[in-house]
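A quick write-up on the structure given underneath.
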Amino acid sequence: MIKQTTQQIAEILHARLFGDGNVTVTTVSTDTRQAVENGLFFALKGEKFDAHDYAEKAVEQGCVALVVERELPIAVPQIIVVDTRLALGELAKWLKSTLNPKTVAMTGSSGKTTVKEMTAKILQKTAACEEDVLYTFGNLNNDLGVPMTLLRLTEQHKFAVIELGANHIGEIAYTTAIAQPDACLVNNVASAHLEGFGSIEGVAAAKGEIYRGLKENGKAIINQAFYYPQWRKEIGDHELQSFSYTGSDQDSYADFWAENVSLNLNGSTFILHAFEEEIEINLPYLGAHNVSNALAATALAMAVGASLADVKAGLEQRLQVKGRLYPVEINEHCLFIDDTYNANVDSMKSAISVLKNYPAFRIFAVGDMAELGKESTQCHQEVADFAQQAGLDLIVSFGKESAVISANAQHHFTDKQTMSDFLLPIISQKIAEKQPLVLLAKGSRSQKMETLIADLCRAFHIQF
C-alpha cells in the first residue's frame, strides 16, 4: 500500500468521511488478531460475523482509521461505505491501476498454485530482484484474498502474479476485474467444487470468466487440451496463445509445447518450445502434470516480457511447499510425499502417476474428495479404477466415500490414528529389510491427511 490520507481514501471510495481527513495510512487490515502500523481497518461482515463489533480491538492493534458501514463510537477517522467487502475490492482496483505493474493471473481446477509459484520464479529472474515481484501468498485467491494481495503493492513492484480461485459463478469475474491482468489463463478444467458449479460445464463457465477482465491488448492463454468454445465470447478480440502437453503430435500445434520429455524421480527433463525458440529444461517438479504447469508458467511470464533464459533459470529453481508433492525423507530407503493440500479427480490421478513410477513399495494413503455433489460416487470410482490400473502395492483410505479406492474394507479407516497404527509396522518392516518404500498421502483439505504424515514422522523422530 502507498501512503494515503483518510480524505484521499474517502474520495477514492466515493464515501463519506467522519473525522480527521489528514490521518495517513500505509497498511490495510481485516484481522484484529494481527498488529499493524498506521493501519486502515475494513470492518467486513459475513453470515456469522460482523467485524464492526471488533473495531476497537483493531485500533488497539495499530489501526488509525476504519472503513465501516455505520458510524461507531470510536475516536478515529471513519470512512462510511455501503458495503465494506466491495470497498476493499474498489481500493485494491484503484491501487493496481495507479501503480500498474505488469500483471498475470491464473485459475484452474488444479495446479494453479504451482503455476503461480513457477511464474513468480521466472519473473524474479526477469526483474533481477525478487522483491520486485508481488505474488499471491498461500491460497489467498478468493474475493477477499485477491484484494488483500493487491493492496500489498508498492512503487517497487514491476510484476504481479495473481492466483484466482472460486467456488461459485461470478467470483472470478469479480476478482479478475480487480486484478486487471495483462495476461491470463485457465490451467485446466476438472470435477472440483461441483456443489457450487453444478456440472463440469459450470466449472468451465466459472473459470472462463478470467478472460473477461483482461486489459486492452492483453493476452488470453489457453490449455489446448482444455479449451471450451464458450470462452471465445469472453476472450473477444484479445490475442490468443496456447500451450499443450498431452504427449501427442497435437502438442506441436500449440505456441508452447514440450518435446523429448523424460520423467525421473527428481522431476523431468524436456525441450521447451516457445514459438520459434527452444531450450532444454531440467525441471525439479515431480510428475508429467508439472511439465504442463511449466508450459503454462512460461506462457504467462513471456507474455509480460520474460526471456527464454529467464524461463530456464526460474523453472530450474524450486521452493518446496508443504502439501504439494512435498518430500519428507525418513532415511535413504524411505520417503513420504505430502500432497495433501487438496484433491480432485485430475490431481488424484496425477499423484498416482507420480507414485507408480517409484522403484519401491508404493503406498497410497487417500482421503475423500469433497464438494463433488451428486457426482461424488462416480468421481471416487474413477479414481479407484485409475489406482487399480496403476498396480500400487498398498492403498489405504480414510473418510466416508474413499473406501472404493482402497477396494478392501480392511484397508479403509474412519480414524487416522488407526490408519497410522496399521501402516507403522509395515513401514518399519520395510525399513528393517532395507527395501525402498514410498508413501504418498492425498485428500481434500477437509480430510487433513497431513496429520497422517505428521504422526508417522513422529514415530521416526523426524520433524515435519
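The values are calculated or read from the model by the stated rules, or taken from the named source; none is laboratory data. All values reported here derive from a predicted model rather than from experimental measurement. Note: ideal-geometry Cβ built from the backbone for every residue, glycine included; neighbour counts use all protein chains shown. We work out accessible area using only protein heavy atoms, side chains counted, and drop any ligands, DNA or RNA first. Shrake-Rupley method; radii C 1.70, N 1.55, O 1.52, S 1.80 Å.
Structure notes:
- Any chance I210 is at negative phi, surrounded by fewer than 24 Cβ atoms within 10 Å (Cβ to Cβ) and among the β-branched types (V, I, T): no
- Members of the stretch 14-36 that are out of contact with any Gly (no Cβ under 9 Å at 6 or more places or on another chain) and open to solvent by less than 20 Å² (accessible area, probe 1.4 Å): G21
- Of all residues in the stretch 426-463, those satisfying the criterion of being in contact with a Gly (Cβ under 9 Å, 6 or more places away or on another chain), open to solvent by 10 Å² or more (accessible area, probe 1.4 Å) and modelled with pLDDT of 95 or more are Q447, K448, E450.
- Subset of the stretch 213-238 that is crowded, with 16+ Cβ neighbours inside 10 Å and out of contact with any helix residue (DSSP H, G or I) (no Cβ under 9 Å at 6 or more places or on another chain) - its residue that is modelled with the highest pLDDT: K215
- Of the residues examined, P77 is not one that is closer than 20 Å to V23 by Cα, open to solvent by 50 Å² or more (accessible area, probe 1.4 Å) and not assigned by the TED database to the domain that holds L295.
- Residue tally, condition closer than 17 Å to L295 by Cβ, modelled with pLDDT of 95 or more and open to solvent by less than 20 Å² (accessible area, probe 1.4 Å), over the stretch 109-151: 7
- Which listed residue, of A58, A75, A35, A65, is in a strand (DSSP E or B) and farther than 19 Å from T149 by Cβ: A65
- Any hit, the stretch 190-207, residues being touching a Lys or Arg at 6+ places or on another chain (Cβ under 6 Å) and not small (G, A, S): no
- Evaluating A177 against the criteria (1) closer than 29 Å to Q378 by Cβ; (2) touching a residue at least 60 places away in the same chain (Cβ under 8 Å); (3) surrounded by fewer than 18 Cβ atoms within 10 Å (Cβ to Cβ) leaves one unmet condition, (1).
- Residue within the stretch 221-238 that is free of Cβ contacts under 8 Å to residues at least 24 places away in the same chain, on the phi < 0 side of the Ramachandran plot and touching a strand residue (DSSP E or B) at 6+ places or on another chain (Cβ under 8 Å) present: yes
- The residues of the stretch 142-188 that are within 18 Å of the chain's Cα centre (by Cα), among the polar types (S, T, N, Q) and either more than 21 Å from F243 (Cβ to Cβ) or in a helix (DSSP H, G or I) (or both), listed by number, are N142, T149, N167, T175, T176.
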